[in-house]
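Where a number appears in this text, it was derived from the coordinates with a stated rule and is not lab data. Quick caveat, the model's predicted, so the values are computed rather than measured. Methodologically, a virtual Cβ is constructed for each residue, glycine included, from the backbone with ideal geometry; neighbour enumeration extends over all protein chains shown.
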Amino acid sequence: MASKTVEDVLFPGIDVRVERIIDSSDTLLVEAVSTGRPGRCPACRKQARRVHSSYQRTLDERPLGSRLVVVRLRVRRYFCDHRSCSRRTFVEQVPGLSERHRRSSTGLTGWLRSIAVEFGGRPAARLCRRLRVAAGRTRLLRLLTAPPVPDRAPRVLGVLGVDEFAFRKGCTYGTVLVDVEAGRVVDVLPDRTSETFAAWLTDHPGAEIICRDRATAYSKAVKEAARTPGRPGRPGRPGRPGRPGSR
Ligand SMILES: [Zn+2]
């Protein structure tokens, strides 16, 4: 059996070297140094050549057993020597471990985001307290960012998922359209009326199957649009288990 280094165990595939581990009763403090290639300037994307300085960042990491883990990561600040770039210096990020302005590791941020998605604000914060992960409601909610909506809706040739969502619950609703096979948001409509959706379908023909959850208005829209040239897709059954786009 091949022996593993401490880096293989704690930071697999991440460009860091562990210098020291300080073990207190409930926390492992891991001191590590970034060892990756020089970073790219976030403004001009050119690779840096000169180190300006280095400093230590503190990142919360996922717990190990019953221990909290804190990483003290030494990162480098680089000069950007590209003449036309507005940045003079920038701090490197370690892929898989650090992100700009975040005090938690990439792994812990992923955990927190999943918890926030599943449980919402307050229940997520309660669960984090039980797991002894320091994350309040506001911080958890800040991790929930909406998927980007493209400026121009791309053509969907496969399965188009359609569902309503609340801009404000009980007051205003919109419609979200998803390319189910590509797993991306295609467009967001300002309401959930059959007229708006029918107009969209007429402007964007090509979807083979349309999966919808809210049968009435969306089915009407599919039928209306089907009467116009540029036939939209045949509708899928609403809410059918196991069908893409159904709940
Ligand atoms: Zn630059």
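Observations, loosely collected:
- For the chain, the residue among PHE119, SER105, VAL188 whose Cα projects farthest onto the positive side of the dipole built from Cβ charges is SER105.
- FRET efficiency for ARG20 and SER53, using Cβ-Cβ distance with R0 set to 25 Å, rounded to 0.05: 0.75
- Each listed q (0.14, 0.16, 0.17, 0.25 Å⁻¹) maps to a log10 I(q)/I(0) for the range 6-103 from the Debye sum over equal C-alpha point scatterers, namely -0.55, -0.68, -0.75, -1.31.
- ³J(HN,Hα) computed for each position of the range 14-30 - Karplus, 6.51 cos²θ - 1.76 cosθ + 1.60, integer Hz, glycine/proline x: 10, 7, 9, 10, 7, 9, 7, 10, 10, 10, 9, 4, 10, 9, 9, 9, 9
- Leading residue at positive end of dipole, the chain (Cβ point charges), from VAL51, LEU157, VAL33: VAL51
- Burial ordering of PHE79, PHE197, PHE167, PHE11, fewest other beta-carbon atoms within 10 Å first: PHE167, PHE79, PHE11, PHE197
- Where only DSSP H runs of four or more residues are counted, the chain gives -6500 deg cm²/dmol as its mean residue ellipticity at 222 nm, each run worth -39500 (n - 2.57).
- Remark on the chain: CYS128, CYS171, CYS211 stand apart, with no other cysteine beta carbon under 4.7 Å.
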